[in-house]
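Participant: Input: one structure, supplied below.
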Amino acid sequence: MDNNNGKKNEIKIELTPEVANGHYANLAMIVHSPNEFFMDFIALAPNMPQAKVQSRIIMTPENAKQLLFALRENVELYEKTFGVIEPRRPMGNNGDLPNPFKA
């Protein structure tokens, strides 16, 4: 969209060095309320009785759906470039990591 000066509206995004390092997560837990989706990204390690939430992201349902579409599009692009991502057996079934969804 153009403003009065004929320039496109731009959003400048700052990425600090601390955030740029990122956090590793190999498990995501997602819950929702009527107004928000809560996504906890967790680092789960073998033989460890406890896992640490590395980051929590809270989004509106509309933004969560946009994220779903963006992930789908990016997985498709990834697979076109690098090949199909083969699904792995669920964690907890291979003896390496506990299954957090099992009662």
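Participant: Using the number of other C-beta atoms within 10 angstrom as an exposure proxy, rank 41, 82 with the fewest first.
Facilitator: Ascending number of Cβ neighbours within 10 Å: 82, 41.
Participant: Still on this structure, I have one more. Taking 25 Å as R0, compute the FRET efficiency from the Cβ-Cβ separation of residue 30 and residue 86 and round it to 0.05.
Facilitator: Calculated value: 0.65.
Participant: While we're looking at this one, here's another question. Taking θ as phi - 60°, what are the ³J(HN,Hα) couplings along segment 24-34 by the Karplus curve (6.51, -1.76, 1.60), each to the nearest whole Hz, with x for Gly and Pro?
Facilitator: 7, 9, 10, 8, 10, 10, 10, 10, 9, 10, x
Participant: Using a ≥ b ≥ c from the Cα gyration tensor of segment 22-82 (square roots of the eigenvalues), is it rounded, prolate or oblate, where a/c under 1.5 gives rounded and otherwise the larger of a/b and b/c decides, a/b for prolate?
Facilitator: Oblate is the answer for segment 22-82, as a/c is 1.5 or above yet b/c matches or exceeds a/b.
Participant: Still on this structure: Which GluC sites (Glu not before Pro) from segment 1-87 combine a DSSP loop assignment with at most 16 other Cβ atoms within 10 Å?
Facilitator: Within segment 1-87, the qualifying GluC sites (Glu not before Pro) (loop, at most 16 other Cβ atoms within 10 Å) are 10, 14, 36.
Participant: Now a separate question. In nm, to one decimal, how far is the modelled label at residue 43 from the one at residue 72, with both set 7 Å along Cα→Cβ?
Facilitator: 3.2 nm
Here, each number is a calculation from the coordinates, and none is a lab measurement. All figures in this text were calculated on a predicted structure; none of them were measured in a lab. Quick reminder, even Gly has a Cβ in these numbers, built from the backbone with ideal geometry, and neighbours come from all protein chains shown.
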